[in-house]
Amino acid sequence: MKKIFPALITMFITICIAIPAAAGTRTITDIAGRTVVIPSKVERVICSGPGCLRYLTYLQGQNMIVGVDSIEHRKTKFDARPYAIANPQFKNMPLIGEFRGHDNPELILNLEPQPQVIFKTYKDMGYNPDELQAKTGIPVVCVAYASLDAKRDLIYNSLQLMGEIIGKSQRAKEICNFMETEISNLHSRTANIPEIERKTCYVGGIAKKGPHGFQSTEPAYPPFSFVNAINVACPPKGKGKPLQHANVSKEQIVAWNPEILFVDISTSQLGENAGAIHEIKTDPAYQSLDAVSSGNVYTVLPYNWYSMNYGSIIADAYFVGKVLYPSKFKDIDPKAKADEIYSFMVGEPVLQHMGEAFSVKGFNKMDLE
């Protein structure tokens, strides 16, 4: 298995975990560059902000949680968060405040037992970490959530720091190595495909703080990048950095006329008479697309659900690779591969459960009738 911890990351961890500051404590430097004194042994924590509890689940530290934010208590028909589906006990845990980092110090102080550390993603959401630490008297450690394509080192540094703090360093290495190996495998299968044989493609209906229509896309869509696909929404090399999310005009999609279309099934939350699927089936402009007339429209899993679900990104990439270049992925069953990924990352094969609420299922050729 490829090792992803070069000297830079090793140096980062060496700096962050310092000599104990006092008996029973140690000093760390978090991802935001803050110096924080924490207990030598951490057994109880809470997670603030999108993706933070997902990180802890990846590290198999979910049993250390003593409270959750409001996203875990929501009663909703739709959910595409594998970490939460695999841990239904989160729904019954005490609240620490509103989701997206809007914590309630009073609720935190009433937790029994008390957390020893608060992990926080997206430090600019809700309370400033220093203010939250001052109001609760509990050390706040910032970790970073980032693009799995462009900023993996930041993800790996965060997981390794969190793992070191909670005594899960080996698991942190394993989860980072797992993601890096899968991404390398995807790249290696498609790296040598001649440019002339690469399919042009577009993904629409991408979720972004809720469901959207077909014009919602990601110019930097990682599943396309990982299999070296030609994303028509991505600017050519040297023409600027691709946006994480964009709404493009209908006219532009028609002008691009990609060979293969993908649709994020989160769009089906908008109902039968709205969203990307309805638009493709009924809008004359989209009906004119070659991909629609030839039936080359496929569904992918949503991964933007309380920030990015990295396992779903990798699973989507295997399905995209299978559609675009079947000879390179003939040994891959995308649905089985997705559950293999989920089993390793969150401990359960949750694919079927994740798709139950959606009227259209992921990893299928779309019925355009």
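The values are calculated or read from the model by the stated rules, or taken from the named source; none is laboratory data. Please read all numbers here as calculations on a predicted model, not as lab measurements. Note that each Cβ is placed from the backbone with ideal geometry, even for glycine, and that neighbours are counted across all protein chains shown. Areas reflect the complete protein model, heavy atoms only, side chains present, ligands, DNA and RNA absent. Shrake-Rupley method; radii C 1.70, N 1.55, O 1.52, S 1.80 Å.
So, in the stretch 149-161, of the ones that are assigned to a helix (DSSP H, G or I) and touching a helix residue (DSSP H, G or I) at 6+ places or on another chain (Cβ under 6 Å), which residue ends up nearest to HIS245 (Cα to Cα)?
Initial filter on the stretch 149-161 (assigned to a helix (DSSP H, G or I)): 152-161.
Those left that are additionally touching a helix residue (DSSP H, G or I) at 6+ places or on another chain (Cβ under 6 Å): 156-157, 159-161.
Details: TYR156: 23, ASN157: 24, LEU159: 25, GLN160: 28, LEU161: 29 Å.
Step by step, filter the stretch 149-161, then rank; the result is TYR156.
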Restricting the search to the stretch 26-58, which residues are surrounded by 15 or more Cβ atoms within 10 Å (Cβ to Cβ) and without any contact (Cβ under 8 Å) to a residue 24 or more places away in the chain?
-> ARG26, THR27, THR29
Taking into account only those residues within the stretch 263-279 that are open to solvent by 10 Å² or more (accessible area, probe 1.4 Å) and in contact with a Lys or Arg (Cβ under 9 Å, 6 or more places away or on another chain), which is nearest to MET354 (Cα to Cα)?
-> GLN269
Members of the stretch 327-358 found to be part of a helix (DSSP H, G or I), open to solvent by 90 Å² or more (accessible area, probe 1.4 Å) and at pLDDT below 95, listed by number | GLN352, HIS353
Tell me which residues, restricted to the stretch 164-203, are open to solvent by 30 Å² or more (accessible area, probe 1.4 Å), over 30 Å from PRO235 (Cβ atoms) and among the basic types (Lys, Arg).
-> LYS168, LYS173
Which condition does ALA146 not pass, out of (1) open to solvent by 20 Å² or more (accessible area, probe 1.4 Å); (2) part of a loop (DSSP other than H, G, I, E, B); (3) more than 20 Å from MET64 (Cβ to Cβ); (4) touching a strand residue (DSSP E or B) at 6+ places or on another chain (Cβ under 9 Å), if it passes all the others?
-> (1)
Might you check whether a residue that is open to solvent by 20 Å² or more (accessible area, probe 1.4 Å) and under 23 Å from ILE175 (Cβ atoms) occurs anywhere in the stretch 284-296?
-> no
Regarding LYS135, is this residue in contact with a Cys (Cβ under 6 Å, 6 or more places away or on another chain) and either of a type outside the set (Val, Ile, Thr) or open to solvent by 10 Å² or more (accessible area, probe 1.4 Å) (or both)?
-> no
Hey, could you check the stretch 59-83 for residues that are in contact with a helix residue (DSSP H, G or I) (Cβ under 8 Å, 6 or more places away or on another chain) and farther than 23 Å from ILE108 by Cβ and say which is most open to solvent (accessible area, probe 1.4 Å)?
-> GLN60
Within the stretch 308-324, can one find any residue that is among the basic types (Lys, Arg), in contact with a helix residue (DSSP H, G or I) (Cβ under 7 Å, 6 or more places away or on another chain), open to solvent by 20 Å² or more (accessible area, probe 1.4 Å) and closer than 25 Å to CYS176 by Cα?
-> yes
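From the list ALA146, ALA172, ALA134, ALA207, which one is modelled with pLDDT of 95 or more, of a type in the set (Gly, Ala, Ser) and closer than 21 Å to LEU53 by Cα? So that I can check it myself, show each step before the final result.
Numbers: ALA146 fails: modelled with pLDDT of 95 or more; ALA134 fails: closer than 21 Å to LEU53 by Cα; ALA207 fails: modelled with pLDDT of 95 or more.
Residue meeting the stated conditions: ALA172.
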Is it the case that some residue within the stretch 99-112 is within 30 Å of PRO242 (Cβ to Cβ), among the acidic types (Asp, Glu) and assigned to a loop (DSSP other than H, G, I, E, B)?
-> no
List every residue pair whose Cβ atoms lie under 7 Å apart, where the two residues are 6 or more positions apart in sequence or sit on different chains, the first residue falls within the stretch 70-85 and is touching a residue at least 60 places away in the same chain (Cβ under 8 Å) and part of a helix (DSSP H, G or I), and the second residue, located anywhere, is buried (at least 18 other Cβ atoms within 10 Å of the Cβ) and of a type in the set (Val, Ile, Thr).
-> PRO82/VAL346; PRO82/VAL350; TYR83/THR57; TYR83/VAL346; ILE85/VAL350
Counting only helices (runs of 4 or more DSSP H) wholly inside the stretch 191-292, the ones holding at least 3 residues that are over 22 Å from TYR318 (Cα atoms) are 250-256, 275-282, 284-287
Output the residue which, of all residues in the stretch 208-235 that are in contact with a Pro (Cβ under 6 Å, 6 or more places away or on another chain) and under 24 Å from MET179 (Cα atoms), is most open to solvent (accessible area, probe 1.4 Å).
-> CYS234
